[in-house]
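See structure below.
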Amino acid sequence: MGEFDNKEREEVFSKKVRAGKRTYFFDVKATRSGDYYLTLTESKKRLEDGVFVKHKIFLYKEDFEKFAEGLNETVDYIKTHQDVVEKRYEYSENHEGSGKGHNDDFSF
């Protein structure tokens, strides 16, 4: 048995989205064989101790279409059954997250 490689896979592309108290990371990584996959990470700072709590989902390319269909259907349901008012977040760092250029298309 070879030595277990415990390091993170090579990051190919990354997109950071700040949304209020949460930050989302969309990271494209490559397997050893060169196949890409997506990790979705939600990061939120705990108020009581200031520690960042992260939740991560791994999404593989064979699941992209079904995942996107489910996400779009769920978002459409919420928009149809409740008023959704988008918050316009303002940040001091380069004005990221100002709400401009928002795109509701989650297709891959």
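Anything in the range 77-101 that is open to solvent by less than 100 Å² (accessible area, probe 1.4 Å) and at pLDDT 75 or above? List them, or say none. Before the answer, list the steps.
The first filter runs over the range 77-101 and keeps only residues open to solvent by less than 100 Å² (accessible area, probe 1.4 Å), leaving 78-79, 84, 86, 89, 91, 93, 96-99, 101.
Correct list: Ile78, Lys79, Val84.
Conditions: (1) of a type outside the set (S, T, N, Q); (2) out of contact with any strand residue (DSSP E or B) (no Cβ under 6 Å at 6 or more places or on another chain); (3) part of a strand (DSSP E or B). Glu62 meets all but one. Number of the miss?
Here Glu62 meets the rest and fails (3).
Filter the range 60-76 for residues that are within 21 Å of Arg18 (Cβ to Cβ) and either at pLDDT 95 or above or open to solvent by 70 Å² or more (accessible area, probe 1.4 Å) (or both) and give the result. Give the derivation first.
First, pick out the residues of the range 60-76 that are within 21 Å of Arg18 (Cβ to Cβ): 71, 75.
Leu71, the sole residue that qualifies.
The values are calculated or read from the model by the stated rules, or taken from the named source; none is laboratory data. Keep in mind it's a predicted model, so treat the numbers as computed, not measured. As a convention, Cβ positions derive from the backbone with ideal geometry for all residues, glycine included, and neighbour counts pool all protein chains shown. For the accessible areas, the whole protein counts, side chains as well, though only heavy atoms, and no ligand, DNA or RNA atoms are used. Shrake-Rupley method; radii C 1.70, N 1.55, O 1.52, S 1.80 Å.
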